[in-house]
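One structure below.
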Amino acid sequence: MEVIRVDKYGHIQVAKLALTKKDSKADAMIYFFSGTRKVWAVFRNDEYERSMAEEFPNEFYKSKGMVPIYRCYCDGERVAYILPREDDESGHRYLVILRETVSTKSMKKFVQKYYVHSGFDKDFNFIMPTKVTRIARGRYYL
């Protein structure tokens, strides 16, 4: 039996987010530890500031929380969105990575959620390498 440690949010680390060089078009890269070991390129949404200045709901978004601040690509295809979040009570700021996928057994769509809790400034610009986590499931977690 293997015991896996979780952080204070109840999450386990599944990937690392690394900054790219200044001459790169991507803002960051996400390197996953398990599975197919895919690498996602993270690009800032150029329309984010303009979309946030508009009234909601509009023709594209129902609320401000639906506007992605980053988009993730793998092998030329968009695989995920990154949305900024802020807890009203504690003021904790974090990023949620939403990836839509299809179950191979039931062919139903579901959303995988990953989280980034640190490594960005007040405008959600990445300033340092950090870890990407997900909610821990199962019984072998500390």
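When only alpha carbons of the stretch 82-136 are considered, Rg and Dmax amount to 13.8, 41 Å. A Förster distance of 30 Å, applied to the separation of the beta-carbon atoms of Asp88 and Ser24, puts the FRET efficiency at 0.30. Within the straight-line cut-off of under 18 Å between alpha carbons, the lysines reachable from Lys8 are Lys16, Lys113, Lys131, sequence neighbours fewer than 8 places apart in one chain being disregarded.
The residue among Ile127, Val39, Ala80 whose Cα reaches farthest toward the positive pole of the charge dipole of the stretch 11-135, with charges on the beta-carbon of Lys, Arg, Asp and Glu, is Val39.
Our analysis of the stretch 1-85 gives Rg over Rh at 1.06, with the two radii drawn from alpha carbon positions and Rh computed by the Kirkwood formula. Legend: ranking of residues Lys109, Lys38 from fewest to most surrounding C-beta atoms inside 10 Å; resulting order Lys109, Lys38. Cβ crowding within 10 Å ranks Glu55, Glu49 as Glu55, Glu49, fewest other Cβ atoms first. What the pair-distance distribution of the stretch 11-135 shows, using all Cα-Cα distances binned every 10 Å from zero, is 12, 42, 35, 11, 0 percent. Rounded to the nearest Hz, the phi-derived 3J(HN,Hα) couplings of the stretch 100-111 under the Karplus curve 6.51 cos²θ - 1.76 cosθ + 1.60 (θ = phi - 60°) are 7, 9, 10, 5, 6, 7, 9, 6, 9, 7, 8, 10, where x marks glycine and proline.
Rounded to the nearest 20, the size of the Cβ-charge dipole of the stretch 11-135 about its Cα centre is 800 debye, with Lys and Arg at +1 and Asp and Glu at -1. Beyond 30 Å in Cα-Cα separation lie the following of the pairs Lys25/Lys105; Lys25/Lys122; Lys64/Lys105: Lys25/Lys105; Lys64/Lys105.
Values in this text are rule-based calculations from the coordinates and carry no lab data. Since the model is a prediction, treat every value here as computed from it, not as a measurement. We place every Cβ from the backbone using ideal geometry, glycine too, and count neighbours over all the protein chains shown.
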